[in-house]
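Below is one structure; the comments refer to it alone.
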Amino acid sequence: MTRVSRLPQDDATCGWYAMLPPPAPARRLKGRESTDWAILGAGLTGLAAARCLAGHLPNARIALIEAERVGFGASGRNSGFAIDLPHDVVHGRRRARDTLLEEQRRRRRLSQAGVAALRGLVGSHGIDCAWRELGKLHGAVEEGGLRALEDYARGLDALEAPYEWLDQDRMQAVTGTGYYRKGLKTPGTALMQPAALTRGLAASLPANVELFEESPVIAWRIDEAIELECADGALVTKGLLLATNAFTPAIGFLKDRFFPVFTFSSLTRPLSRDEQAALGGEPEWGLIAGDRLGTTVRRTGDQRILIRNTFLYAPRLHFGEGELARLGELHRRSFGARFPMLGEVAFDYSWGGALCMSSNHALFFGALAPGIFAAVGCNGAGVAMGTISGALLADYVVGAESELLRDIRALPRPKRLPPKPFLGLGVGLTLKRRERRAGKEF
Ligand SMILES: Cc1cc2nc3c(=O)[nH]c(=O)nc-3n(C[C@H](O)[C@H](O)[C@H](O)COP(=O)(O)OP(=O)(O)OC[C@H]3O[C@@H](n4cnc5c(N)ncnc54)[C@H](O)[C@@H]3O)c2cc1C
């Protein structure tokens, strides 16, 4: 048996999850089960893979296995942007422009398909997750942020993707704060409550998908079939899809391609009517910083402010106990700089979540071993990209063909990482340097 080296240990302080009613007791994997297919990880990628595979194979028995509760992992603790564009729209200074543009077009088609798939499911199953098609803002404060914003706009031009510029006054008219000197708005991104979305997707899975929660897989082996061992049971399956994102190396795959990085959010209590009046602006919006290491901000429909920033290299897939308190302080500073008119609005929640990074921001899609396939590494844009990559992985294993499948298979593969001590030093230093450089965008 190959032992899984680390299991998810997410903190219990994610606001999105805490605001939902408690779920019904979990069905755990007990005894010895046997299925045609198993999907490991019930985040957005695994949920999409399970749904799509069940559609292809209505008579197959499909198990979806999750270590925690659905919505408790990164898919339920992100900032709730379902983004219809590549995460980094750049205009090809370093790589051959045509190749890069072709890649960005593919990423855009895939992201758009991911958003469309989610929109369709939210609509057809009536998933109550505050889904709002408001587009996204990008805001810049200092020269570095402005340059990044202009770069982004050139990338959008090359993609012929629509956007509009917003000057400082218009940014203030939308966000209420005069903090941003310039902004840019792209349509097509949806904002939502991510834990509610993830839970709603799980609740509407096809009947031939059996969901096992609180069932971490602790060991596995490939014999005539694939055997997965959990604490109270085991599952034997003919085929396995890995949708375990940052945990994939801990399971024993792609160790030399991906490394985990945590990022952190805080969510305030709802603003009072007086505070809403003092803030002004539109009642709901989402903003990404011009500089990619800057601060994401959202004003939610229930009038809370979300702050997300800071990246922490965490090879043990865990962060220390003091980290959330430290992050809460950093978030308070970012909040105070943007919203001085609101004073000390308390944060109700602060939490962290794992991202899965490769050195060239590439995802892995395809076969890993006989009968084992994976879609992992959608980085900070996994809401839409994870959804579409999971669905396409199901297409791939049943031999379906599509333009989107050709798109995802044509994307660059993750590059080999440097050895561990150099990787840790390199990532740690790069993150620190770039966060410092982000300045007031932070
Ligand atoms: C704070 C934060 C903000 C973000 N904001 C955004 C955003 O606004 N927009 C966006 O597009 N992306 C965002 N992201 C990234 C996005 O959340 C991820 O890309 C996405 O959740 C990836 O989905 P996934 O299903 O591939 O992985 P995950 O959601 O990580 O799911 C993997 C699942 O596998 C399970 N698992 C792992 N190991 C085992 C095991 N041994 N046994 C059983 N189960 C196991 C885990 O418990 C987990 O539920 C953000 C991420 C964070 C942390």
Scan of the stretch 48-80 for residues that are under 19 Å from Leu392 (Cα atoms) and either of a type in the set (Asp, Glu) or without any contact (Cβ under 8 Å) to a residue 12 or more places away in the chain (or both), ordered by number: none
Selection count where residues are outside any helix (DSSP H, G or I), loosely packed, with under 13 Cβ neighbours inside 10 Å and in contact (Cβ under 8 Å) with a residue 40 or more places away in the chain, scope the stretch 393-414: 1
Matching option when the condition is touching a residue at least 12 places away in the same chain (Cβ under 8 Å), part of a helix (DSSP H, G or I), charged (D, E, K, R) and surrounded by 20 or more Cβ atoms within 10 Å (Cβ to Cβ), among Arg119, Arg107: Arg107
Matching residues, the stretch 260-275, being within 14 Å of the ligand (Cβ to nearest atom) and either open to solvent by 10 Å² or more (accessible area, probe 1.4 Å) or in contact with a Ser or Thr (Cβ under 9 Å, 6 or more places away or on another chain) (or both): Pro260, Phe262, Thr263, Phe264, Ser265, Ser266, Leu267
Any hit, the stretch 371-392, residues being touching a residue at least 12 places away in the same chain (Cβ under 8 Å), open to solvent by 30 Å² or more (accessible area, probe 1.4 Å), in a loop (DSSP other than H, G, I, E, B) and away from the ligand (no atom under 16 Å from the Cβ): no
Test: residue in the stretch 194-201 that is at pLDDT 95 or above, in a strand (DSSP E or B) and buried (at least 23 other Cβ atoms within 10 Å of the Cβ): no
Single condition Thr45 does not satisfy, out of (1) open to solvent by 40 Å² or more (accessible area, probe 1.4 Å); (2) in contact (Cβ under 8 Å) with a residue 24 or more places away in the chain; (3) among the polar types (S, T, N, Q): (1)
Those residues of the stretch 317-335 which are open to solvent by less than 40 Å² (accessible area, probe 1.4 Å) and part of a loop (DSSP other than H, G, I, E, B), in sequence order: Leu317, Phe319
Condition met for Leu85 (in contact with a strand residue (DSSP E or B) (Cβ under 9 Å, 6 or more places away or on another chain) and either within 15 Å of the ligand (Cβ to nearest atom) or modelled with pLDDT of 95 or more (or both)): yes
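Quick one: is Ala38 surrounded by 15 or more Cβ atoms within 10 Å (Cβ to Cβ) and under 18 Å from the mean Cα position of the chain (by Cα)?
no
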Count of residues meeting criterion [open to solvent by 60 Å² or more (accessible area, probe 1.4 Å) and touching a residue at least 60 places away in the same chain (Cβ under 8 Å)] in the stretch 159-172: 1
Hits in the stretch 310-333 (condition: under 22 Å from the mean Cα position of the chain (by Cα) and modelled with pLDDT of 95 or more): His331
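The values are calculated or read from the model by the stated rules, or taken from the named source; none is laboratory data. Computed from a predicted structure; not experimentally measured. Cβ coordinates were reconstructed from backbone atoms using ideal geometry, including for glycine residues, and neighbour counts include every protein chain displayed. For the accessible areas, the whole protein counts, side chains as well, though only heavy atoms, and no ligand, DNA or RNA atoms are used. Shrake-Rupley method; radii C 1.70, N 1.55, O 1.52, S 1.80 Å.
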